[in-house]
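Comments concern the structure below.
The values are calculated or read from the model by the stated rules, or taken from the named source; none is laboratory data. Please read these numbers as outputs of a predicted model, since none were measured by experiment. Cβ placement follows ideal geometry from the backbone for every residue including glycine, while neighbour counts extend to all protein chains displayed. Please note that ligands, DNA and RNA were not included when accessible areas were found on the heavy atoms of the full protein model with its side chains. Shrake-Rupley method; radii C 1.70, N 1.55, O 1.52, S 1.80 Å.
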Amino acid sequence: MKRFIAIFVPALFLIAVITSYMTFAQSYEWTENTIIAHAGGGIEGDKYTNSLEAFQNSYEKGHRLIELDINMTSDGKVVARHDWKDTKDQTYETFKNRLYKDKYKSIDFQQVIKLLKKYDDVYIILDGKTKSPQAVRTLYKKINVYTKNLKPRDKKRLIPQMFYKQDYQLLKNYGFKDVLYVIGRESYTNQSLAEFCDERGIRAVSIDKTFVNTPLVQTLKKKKIVSYTYTVNDRSTMKRHKQMGVHGFFSDFVDKY
C-alpha cells in the first residue's frame, strides 16, 4: 500500500503540472473575452487615464482584458500614458509625483508587471504609442528589461499590439506568445491580410470602427481570425458590428456585451 501511495502521489502531481502547462500553453484563449477595457477603462466619466484606479475598477467590474497605453518619458522610462498634453515636462520624476487630472495614480511599467502578477487571471494589452518601426524597436528593447525574466505563464498574459508587419518577428524574438494586429497603417487587401495573419498564427486583429466592413471581417473569419473594433461606447454600434461578424470591442464604459 505504501508503495502504491509513493507512486500514485507523484503521478498526480505530474498530471497536475502537465494540465497546468497545457492550459497556459494555449494561444489566444484571451479572445474568449469580447470587451477590452480601453486605456485602463473609463472611471468616473474619465477616459484615457491609464491609472491604477482605472485598472482596479475595470478588474472589479469583471474585465479580464485590460489595455494600457505604453509611452516613454523624456528621460527614457517606460510608463502607462497615452500622451503628454497636460504637461511639457515629461520626466519620470514628474510623471510619478503628479496625479493624472489631479486625482489618479500613474502606473509605470514596473507596476504593470506587479499588476500582472497580482491579478493572475488578467490579460494586459500593450498599446505602444509609437509612430514608426524604429520607435517600436526602441520601446520594446526597454520593455524587455522588465519582461525577459517573467515566468512563461505570466509573459503570455502580456499581449502587444502590432502596427507593422515587420514587427512580428521582433515581438516573437522578445518572447511574446500572442499579438493583436492593429490594421490600418499598412496597405492590404482583405485576402492578403487574412493570409498574412494565418501564415503566422495571428488569430486576432483590431480595426478602427470607421473602417470596419463586412467583407473584411468575414474574410478574416474564414481563417478563424477574430476582429475587435475600437473604440466603441454605444451598444447600437456594437450591435451593428456584431451583425458584420465582429467578435469584440475596445470600450471605455461598456462592461459587457
### Query
Residues with amide H under 5 Å of Gln90's amide H, sequence separation 5 or more or different chain, H placed in the peptide plane at 1.01 Å from N; which?
Ser74
### Query
Using the heavy atoms of the protein chains alone and a 1.4 angstrom probe, what is the accessible area of region 163-212 per residue in square angstrom?
47
### Task
Name the residues whose placed amide hydrogens come within less than 5 Å of the amide hydrogen of Phe249, ignoring near sequence neighbours (fewer than 5 apart) on the same chain.
Ile35, Ile36, Thr229
### Task
With Kirkwood radius over Cα pairs in Å defined as stated, name the option among (1) 19.4; (2) 18.8; (3) 18.2 computed from the structure displayed.
(1)
#### Entry: Mean Cβ count within 10 Å, highest first, over the residues of peptides 207-217, 70-80, 102-112
70-80, 102-112, 207-217
### Task
Would you mind telling me the share, in percent, of accessible area of region 60-131 contributed by carbon and sulfur at probe 1.4 angstrom?
44
### Message
To the nearest 20 Debye, how big is the dipole of the chain about its Cα centre, given +1 on the beta carbon of each Lys and Arg and -1 on that of each Asp and Glu?
### Response
700
### Query
DSSP H helices in the chain with Cα extent of 24 Å or more along the helix axis and mean Kyte-Doolittle hydropathy at least 1.6?
2-25
### Task
Among the listed pairs Lys61/Lys85; Lys103/Lys141; Lys172/Lys223; Lys156/Lys224, give every one whose C-alpha distance is greater than 24 Å.
Lys61/Lys85; Lys103/Lys141
### Message
Among Leu158, Leu150, Leu139, which one shows the highest mean-square fluctuation when the chain is modelled as a Gaussian network with alpha-carbon springs under 10 Å?
### Response
Leu150
### Separation of the Glu199 and Lys239 label points, Cα + 7 Å toward Cβ, nm
4.1
### Query
Looking at region 91-185, what % of the alpha carbon pairs are farther apart than 16 Å?
59
### Task
Can you pull the one-decimal nm distance between simple spin-label points at Phe211 and Lys114, each 7 Å off the Cα toward Cβ?
3.7
### Query
Heavy-atom accessible area per residue, region 54-105, 1.4 Å probe: how many Å²?
53
### Message
Ignoring everything except DSSP H segments at least 4 long, calculate the 222 nm mean residue ellipticity for the chain; use -39,500 (n - 2.57) per segment, divide by total residues, nearest 500.
### Response
-12000 deg cm²/dmol
### Task
Select from Thr229, Thr189, Thr147 the residue whose mean-square fluctuation is largest in a Gaussian network model of the chain (Cα-Cα springs shorter than 10 Å).
Thr189
